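See structure below.
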Amino acid sequence: MDTSPPDPQLSALYQELILDHYRRPRNKGTLDDATHSVSLNNPLCGDEIDLQLRVDGDVIKEARFIGRGCSITQAAASMMTQLLKDRSIPHALALADRMSAMMHGDEAAARDKALGELRALAGVSKFPVRVKCALLPWNALTDAIKA
Amino acid sequence: MLDAARLRADFPLLRQRENGHPLVYLDNAATTQKPQSVLDAITEYYRTTNANVHRGAYDLAIRATEAYEAARAKLAGFVNAWAPEGVVFTRGTTEAINLVAGAYGRAHVRAGDSVVVTAMDHHSNLVPWQMLCQEKGATLRMVEITEDGRIDLSDYGRALERRPKIVAFPYVSNALGTVNPAAQLARLAHAVGAVVVVDGAQSTPHLRVDVQALDCDFYALSGHKMLGPMGSGALVARPELLDAMPPYHGGGEMISRVWDDHSTYNTIPHKFEAGTPNVEGAVGLAAAIAYLEGVGPERIAEHEQALAAAAIERLAQIEGVTVYGPRDHRAGVVSFTYGDIHPHDIATILDQDGICIRAGHHCAQPLMRRLNVPATARASFYLYNGLDDVDVLAGGLVKAGALFGYVPA
């Protein structure tokens, strides 16, 4: 049996912070007074997310999600809902762009403090098939805002 | 068991390395790798025999037609079809089932009728029946499964009480590996006058199939899951049923005479093969069958059962792993979860060690709901896999466990 330690790319992908958000997701649940909500799924893998926002003026007061999926999707959703609190909609959309850039290997985006804990997901960019997992909640966000 | 290492040498792709490791291909329920003899047969066809079939008056076209029809005869023999003309070449199982639903189903199912499927059917043996029932105002009845992943025979009996027009089920479950008692299911369905459609995508590659012994009416299979090319496959049917069915696709080849406003149709099987067929696919599939016959379907089945048993035993030793499906009556498919590690994460981690498994719903979302999991990881074996592959799989899972804190790193 191969007992060599997991390679560094995998260790970067599954770091403690990501597993913590996966196992103890923040803002998981529903909002009674949501102004925006959207359901999105990835038909290829079956991951699902229901994202709800409470927007006042153009400020996101609260974001919650329910859904199921892999550690990357769940951690990305948990981190995103934390980051969105009290952000304006233009700011949230800019963050979505930043996130997408980081997932496509943009190193400046990966260092951008504006992304907060989401920077822990930078390692996902090394696993092209998993990029869609990290972006699923963000795609739900842009859908919810456009809807 | 088979000498898997020796067989592996026949498959050029399996000599590749993935992510710096020897490739361990355990996604055979999705598709299989191709032996050199299949690759050679396809190349040889294009080098020496290619022409459009059933048309040309010249010798080359006649040889192409002969190669195509010889492939049909080869497949007919392999599954003991009622007759070669009862073998319609299709793009695969999905198209074969759509053909039955679209031609037989649309002609025979009426409002108020019922069609029976099972909760372990692949979407390809479910969605075509949903579409048919929606169009006709018929009822689709899904038979439940037992906790250990078999068709619930008492629920099956209840479903038959409505005297369904069509009963469809998989011979072998792609998600659980369950080998269903197909002959028994067919007998019970016939007793109430139903026509029986068997999804043979996972059985034809892995065990000896005899459609006349099964006594079904329609049997669908895919070439690419049995060492043949992508886009090859067939519907194997009772010739008298095919003969009485309206055509499915219209076009060249399927006609007899064409007037301005109507046509008469060709004899079977050509009536169901509109357009230029996938001759390369048929020729490649025939070579794949020759390879499988050389090894022997019985020995392949025995080999895979031994691999599945070994894998289940190894996985059971890893704390937190749950294996789905029955303990016996199973093929070489092992579906499992590992604690709260999502199957996609398992697949990503294994991939770094060159191990290919499937993670997801396996095109069986109703089944996943019943298992109460969003997805499973699935290792599926074939004749070129050996016990060494089971070792590598178990080692990869220990790594996954370490990354997620289940076992010390």
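Given H placed on each backbone N at 1.01 Å, which residues far from B:Thr90 in sequence or on other chains put an amide H within less than 5 Å of it?
Close amide H contacts, sequence-distant or interchain: B:Gly233, B:Ala234, B:Leu235.
Listing B:Asp328, A:Asp58, B:Asp113 from the residue with the fewest other Cβ atoms within 10 Å to the one with the most, what is the order? Walk me through the numbers before you get to the answer.
Details: B:Asp328 9, A:Asp58 12, B:Asp113 19.
Placing the least packed residue first, the sequence is B:Asp328, A:Asp58, B:Asp113.
Treat each spin label as a single point 7 Å out from the Cα along the C-beta direction, and report the B:Glu240 to B:Glu319 distance in nm.
6.3 nm
If you line up the long axis of helix B:59-78 against the longest principal axis of chain B, both from Cα atoms, how many degrees apart are they, to the nearest 10?
60 degrees
Quick one: grab the alpha carbon gyration tensor of chain B, order the square roots of its eigenvalues as a ≥ b ≥ c, and give me rounded if a/c is under 1.5, else prolate or oblate depending on whether a/b is larger than b/c.
Values: a/c = 2.20, a/b = 1.30, b/c = 1.70.
Because a/c hits 1.5 or more and a/b fails to exceed b/c, chain B counts as oblate.
Normalised by the residues of chain B, what does the relative contact order come to in percent, with Cα pairs under 8 Å and at least six apart? Don't jump to the answer; show the numbers that get you there.
Numbers: 839 pairs, mean separation 93.3, N = 409.
Taking the mean separation of contacting Cα pairs over the length of chain B, I get 23 percent.
Spin-label point model (7 Å from Cα, Cβ direction): what's the B:Ala70 to B:Ser263 distance in nm?
The two pseudo-label positions are separated by 3.0 nm.
With the Cα gyration tensor of region B:188-251 in hand, give its eigenvalues times 5 under a square root as the equivalent ellipsoid semi-axes, listed largest first in whole angstrom. Display every interim value, and only then the final one.
Values: eigenvalues 96, 67, 14 Å².
Largest first, region B:188-251 gives 22, 18, 8 Å.
When the helix-only estimate is applied to chain B (DSSP H runs of n ≥ 4, each -39,500 (n - 2.57), divided by the residue count), what is the mean residue ellipticity at 222 nm, nearest 500 deg cm²/dmol? Present the calculation step by step, with values, prior to reporting the outcome.
On the way: 14 runs with 153 residues, N = 409.
After summing the helix terms and dividing by the residues of chain B, the value is -11500 deg cm²/dmol.
May I ask you to sort B:Phe336, B:Phe169, B:Phe381, A:Phe127 by Cβ crowding, counting other Cβ atoms within 10 Å and putting the fewest first?
On the way: B:Phe336 22, B:Phe169 25, B:Phe381 31, A:Phe127 17.
Lowest count first: A:Phe127, B:Phe336, B:Phe169, B:Phe381.
Sort region A:25-146 into rounded, prolate or oblate with this rule: let a ≥ b ≥ c be the square roots of the eigenvalues of the Cα gyration tensor; rounded if a/c is under 1.5, and if a/c is not under 1.5, prolate when a/b is larger than b/c, oblate otherwise. Could the numbers behind the result be given before it?
Values: a/c = 1.90, a/b = 1.24, b/c = 1.54.
Since a/c reaches 1.5 but b/c is at least a/b, the shape of region A:25-146 is classed as oblate.
So the label point goes 7 Å from the Cα of B:His249 along Cα→C-beta, right? Which residues of region B:75-101 then have their backbone N under 19 Å from it?
So the set is B:86-101.
Counting other beta carbons within 10 Å of each residue's own, what order do A:Ser71, B:Ser114 fall into, fewest first? Present the calculation step by step, with values, prior to reporting the outcome.
Values: A:Ser71 24, B:Ser114 20.
Going from least to most buried by this count: B:Ser114, A:Ser71.
In debye, nearest 20, what is the charge dipole magnitude of the protein assembly as shown about its Cα centre with +1 on Lys and Arg Cβ and -1 on Asp and Glu Cβ, if you could check? Working shown, then result.
Details: 53 positive and 64 negative charges, 128 e Å.
Computed charge dipole of the protein assembly as shown: roughly 620 debye.
Can you work out the PRE-style zone for B:Asp328? Point 7 Å along Cα to Cβ, and I want the residues of region B:282-312 with backbone N under 20 Å.
B:298-312
Roughly speaking, what is the stretch gain from B:Val407 to B:Glu44, that is 0.36 nm per residue apart minus the C-alpha to C-alpha distance, in nm to one decimal?
Numbers: separation 363, 0.36 × 363 = 130.68 nm, distance 5.21 nm.
Taking 0.36 nm per residue and subtracting the Cα distance, the gain is 125.5 nm.
What do you get for the angle between helix A:89-103 and the principal long axis of chain A? Use alpha-carbon atoms, 0 to 90 degrees, nearest ten.
10 degrees
Can you give me the angle between helix B:127-136 and the longest principal axis of chain B, using Cα atoms only, in degrees from 0 to 90, rounded to the nearest 10?
With rounding to tens, the tilt is 40 degrees.
Just to be sure I understand: with springs between alpha-carbon atoms less than 10 Å apart, which residue in B:Val88, B:Val100, B:Val79 has the highest mean-square fluctuation in the Gaussian network model of chain B?
Checking each option, the largest mean-square fluctuation is seen for B:Val79.
From the phi of every residue in region A:19-28, what ³J(HN,Hα) in whole Hz does the Karplus formula 6.51 cos²θ - 1.76 cosθ + 1.60 yield, where θ is phi - 60° and glycine or proline is x?
Per residue, the Karplus-derived 3J(HN,Hα) values read 5, 5, 5, 5, 8, 10, x, 7, 6, 8 Hz.
Give me D for the protein assembly as shown in µm² s⁻¹, whole number, from Stokes-Einstein with Rh from the Kirkwood sum over alpha-carbon pairs, 25 °C and 0.890 mPa s.
Numbers: Rh = 25.6 Å.
The diffusion coefficient I find is 96 µm²/s.
By its C-alpha gyration tensor, with a ≥ b ≥ c as the square roots of the eigenvalues, how is region B:49-293 shaped: rounded for a/c under 1.5, else prolate for a/b larger than b/c, else oblate? Walk me through the numbers on the way to the answer.
Details: a/c = 2.34, a/b = 1.42, b/c = 1.65.
Cα axes put region B:49-293 in the oblate bin.
No value in this document is a laboratory result; all are computed from the given coordinates. Values in this document were obtained by computation on a predicted structure and should not be read as measured data. Virtual Cβ from ideal backbone geometry, glycine too; neighbours counted across all protein chains shown.
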